[in-house]
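Novice: Before I ask anything, here is the structure I am working with.
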Amino acid sequence: MTNWEARKFVWQGAIPLQIHLHESEVTTVPSPPPALILAPRLGYLPLYVPTGVLFDLLCAEPERPWNLTVHFRGYPGTILLPCEGEDSIKWNFINSLKEAAYIINGNCKNVMNMSQADQVELWRSVLNGNLEVFVRVSSKLKLGIVSDEYTVTSNSLGSGLCVDETDHAGRDKAGRVPIRLYVWSVSEDVNDLEDAPPIDTWDNIAYINQPVNCQEGKCLTLHDAVKSLLPEYFPENSLADEESSKQKGEEEEETQTSVEDDASMAKDVGEVLCKPTKSCNISDDNVEIKLIRIQGIEPKPEIPFSWVANSLMNPDYFLHICVCLKVPRLKIQ
């Protein structure tokens with residue numbers, strides 16, 4: 001499957017929702033029936049995390065329809081950033097796009113210079129699930145990520161659409177891939193995810209907002225990429241030596257300084273929704289990656305990471321990855 005075909009499948013993805021009103025909110029007899037909605041995976045509930053990511057994260061063994069309960073009172077404002085409507089989600093999306101652009105290109109000028117009409121058209125294409133319109137508008141941003149033997153250029157589509165114009169090189173090329181990694185852990189006593197306790201608080205989720213560096217000429221697998229983002233658990237899988245780590249730190253500091261004002265909302269959302277990882281002393285031999293889920297798919301660990309990045313990214317140009325780790329019962333320092 002080409003990355004263009006995969007992107008079409010991703011954009012067509014949807015989750016059946018069954019939305020109930022909490023019994024404390026019911027004021028009529030009989031109670032109102034639940035609302036049944038087919039929600040696009042790339043869309044948003046009244047939160048700043050894509051619907052598909054929430055589903056992949058909170059449902060270890062996916063249920064369909066996904067049963068949600070609505071409350072109109074007692075919003076957990078200390079845990080979740082309040083959503084003030086569609087405009088706030090739209091601007092969070094644009095800010096995420098700016099952050100991704102800086103990671104990929106070293107600047108976010110193309111996003112900053114988007115016309116108001118293009119911003120509106122881009123956002124509406126996400127809400128409407130219109131990939132063709134999204135590609136046409138987003139191509140102006142020149143946000144090609146990495147290329148590999150699976151990458152399809154605009155010439156091979158035969159439809160006049162302009163996809164990220166990368167050459168058909170046959171091997172990975174250097175680049176930085178924006179990643180948002182959501183990690184939850186189960187103990188060594190859990191062999192089947194059906195037996196895992198439900199995630200009932202965001203304190204149980206580690207959130208990592210960090211790019212993966214793809215090195216030219218090197219084939220990086222999905223498994224390699226995920227391990228590189230979890231040095232606390234897989235220290236020997238770090239992709240960089242001391243010199244490159246120092247350079248990476250300097251780049252990240254520069255990135256943070258440059259996009260601090262533009263992407264502050266996206267940063268705040270990540271900090272409020274999920275806790276960063278804590279350091280712990282656990283050897284690689286005792287840790288197992290039980291699950292990697294992206295866009296509702298559980299890809300094989302050995303799949304080329306460049307194909308995953310190009311094919312399964314979200315419209316904000318971040319690759320959202322949900323990971324379940326099986327770890328021993330050790331105290332976290």
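Novice: In Å², and per residue, what accessible area does the stretch 59-108 have when probed at 1.4 Å with the other protein chains present?
Specialist: Accessible area per residue: 53 Å².
Novice: Using 7 Å Cα-to-Cβ label points, what is the Asn67/Glu5 separation (nm, one decimal)?
Specialist: That separation, rounded to one decimal, is 3.8 nm.
Novice: Amide H neighbours of Tyr44 under 5 Å, at least 5 residues apart or on other chains, H built in the peptide plane: list them.
Specialist: Thr51
Novice: May I pose another question? Accessible area of the stretch 11-54 with a 1.4 Å probe: how many percent of it is carbon plus sulfur?
Specialist: Ligands and nucleic acids excluded, carbon and sulfur give 63 percent.
Novice: Related question: When you take every Cα atom in the stretch 1-60, what is the radius of gyration, and what is Dmax, the widest Cα pair distance, in Å?
Specialist: Radius of gyration, then largest Cα-Cα span, for the stretch 1-60: 15.6, 53 Å.
The values are calculated or read from the model by the stated rules, or taken from the named source; none is laboratory data. Note that the structure is predicted; figures quoted are calculated from it, not measured. We place every Cβ from the backbone using ideal geometry, glycine too, and count neighbours over all the protein chains shown. To get the accessible areas, we keep the full protein, side chains included, count just its heavy atoms, and leave off ligands, DNA and RNA. Shrake-Rupley method; radii C 1.70, N 1.55, O 1.52, S 1.80 Å.
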